[in-house]
1. Can we say Ile9 is within 18 Å of Thr140 (Cβ to Cβ), touching a Phe, Trp or Tyr at 6+ places or on another chain (Cβ under 9 Å) and open to solvent by less than 70 Å² (accessible area, probe 1.4 Å)?
2. Which pairs turn up if I take residues in segment 174-187 that are more than 16 Å from Lys231 (Cβ to Cβ) and touching a residue at least 24 places away in the same chain (Cβ under 8 Å) and look for partners that are aromatic (Phe, Trp, Tyr) and open to solvent by less than 50 Å² (accessible area, probe 1.4 Å) with beta carbon separation below 9 Å, at least 6 apart in sequence or on another chain?
3. Pairs please, first residue from segment 105-119 and surrounded by fewer than 16 Cβ atoms within 10 Å (Cβ to Cβ), second anywhere and hydrophobic (A, V, I, L, M, F, W, C), Cβ atoms under 6 Å, 6+ apart in sequence or on different chains.
4. Among the candidates Ile48, Ile66, which residue alone is modelled with pLDDT of 90 or more, in contact with an Asp or Glu (Cβ under 8 Å, 6 or more places away or on another chain) and within 23 Å of Thr140 (Cβ to Cβ)?
5. Of all residues in segment 215-271, count the ones that are assigned to a strand (DSSP E or B) and either aromatic (Phe, Trp, Tyr) or touching a residue at least 60 places away in the same chain (Cβ under 8 Å) (or both).
6. In segment 205-214, which residue that is under 21 Å from Glu150 (Cβ atoms) and without any contact (Cβ under 8 Å) to a residue 40 or more places away in the chain is most open to solvent (accessible area, probe 1.4 Å)?
7. From the set of residues in segment 47-75 that are assigned to a loop (DSSP other than H, G, I, E, B) and open to solvent by 50 Å² or more (accessible area, probe 1.4 Å), which is nearest to Tyr279 (Cα to Cα)?
8. Using beta carbons and a limit of 6 Å, which pairs, at least six apart or on different chains, have the first residue in segment 127-156 and under 15 Å from Phe201 (Cα atoms) and the second one open to solvent by 50 Å² or more (accessible area, probe 1.4 Å)?
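The values are calculated or read from the model by the stated rules, or taken from the named source; none is laboratory data. The model shown is predicted, which means the values in this text are computed figures rather than measured ones. Note that each Cβ is placed from the backbone with ideal geometry, even for glycine, and that neighbours are counted across all protein chains shown. For accessibility, only protein heavy atoms count, side chains too; no ligands or nucleic acids. Shrake-Rupley method; radii C 1.70, N 1.55, O 1.52, S 1.80 Å.
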Amino acid sequence: MNFQQLRSIREAVRRQFNLTEVANALYTSQPGVSRQIRELEDELGVEIFERYGKRLTGLTEPGREIVRIVERLLLEAENLKHAGEEFAGSSSGKLTVATTHTQARYALPRVVQAFRREFPQVTLALQETSPTHIVEMLLTGQADIGVATEAVAGEAGLASFEAYTWQHVLVVAHGHPLTALASPTLADVARYPVITYDAGFTGRNRIDSAFAHAGLKPEIVLTALDADVIKTYAELDLGVGIVASVAYDPRKDTGLHCIAAAHLFEQNTTRIAVRRGAYLRGYTHAFIRLFAPQLSREEIVQTVNGGAD
């Protein structure tokens with residue numbers, strides 16, 4: 001049994017059993033991947049994969065359990081490497097943070113600035129993507145840290161922590177009828193076209209739930225991943241923009257009127273997450289605590305290693 005066999009098994013699952021893609025990912029040949037898989041199956045005395053001819057089509061029942069063990073073994077191998085680097089006193093490395101556009105644009109800049117001052121030898125990579133892809137990147141080891149409002153809290157393979165809470169606000173062009181109301185209701189908002197986030201992004205589910213609970217179906221004329229896009233079209237008076245409160249800056253958004261909406265939509269919680277069981281380098285702990293300073297190192301370690309969060 002060797003690590004190349006284990007990697008072949010893991011990649012076969014990740015690549016939906018496409019051995020050509022597995023070979024490309026592992027910088028080897030397709031026959032080589034097939035041989036590694038077959039040799040491990042022979043050694044274990046069970047078939048890990050279901051087959052149709054020479055093609056892999058799925059996992060057998062013992063294969064599903066074996067893949068879970070393979071994932072743990074390879075994670076521990078990565079942990080050994082990271083622990084060695086940590087205790088050898090190396091202050092260099094790479095930290096990949098998967099996050100949404102809203103977090104990267106509005107919540108993370110000061111954290112990144114402080115992190116770069118403290119760890120100038122660490123290469124920091126920000127990967128902007130969807131909440132569901134953030135979960136996938138964390139589980140597959142493509143990212144070390146994930147930051148999002150949706151998705152990360154409900155994934156059993158991740159340890160996630162509350163970072164901060166925030167509200168949505170309404171943004172409208174100056175002179176919009178809603179600006180004349182002291183405290184607009186959802187019914188007031190629903191009288192006008194709405195511009196907000198794509199489904200699954202930046203608390204959109206809270207917006208939809210609030211309208212649905214009130215028995216209202218607003219006319220959503222435009223959705224976007226980016227609050228700046230929403231604000232641009234709201235300023236053109238094409239609709240009522242609903243954005244995260246952190247996305248409104250009165251110094252820059254002079255063409256917009258901001259209306260508090262805490263009474264309309266539930267509070268949102270942004271979380272920071274890592275893969276359960278992962279060994280976290282010192283600079284990874286530092287990044288987490290710069291983003292969520294209320295967390296202690298002990299709390300992070302306990303949760304990552306299996307404690308309740």
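1. yes
2. Sorted first by the residue in segment 174-187, then by its partner, the pairs are Leu186/Phe211; Leu186/Phe265.
3. If the second residue must be hydrophobic (A, V, I, L, M, F, W, C), the pairs left are Ala114/Leu290.
4. Ile48
5. Qualifying residue count, segment 215-271: 14.
6. So, considering only residues that are under 21 Å from Glu150 (Cβ atoms) and without any contact (Cβ under 8 Å) to a residue 40 or more places away in the chain, the one most open to solvent (accessible area, probe 1.4 Å) is His213.
7. Glu47
8. Going by the 6 Å Cβ cut-off, the qualifying pairs are Val135/Glu155; Ala151/Thr132.
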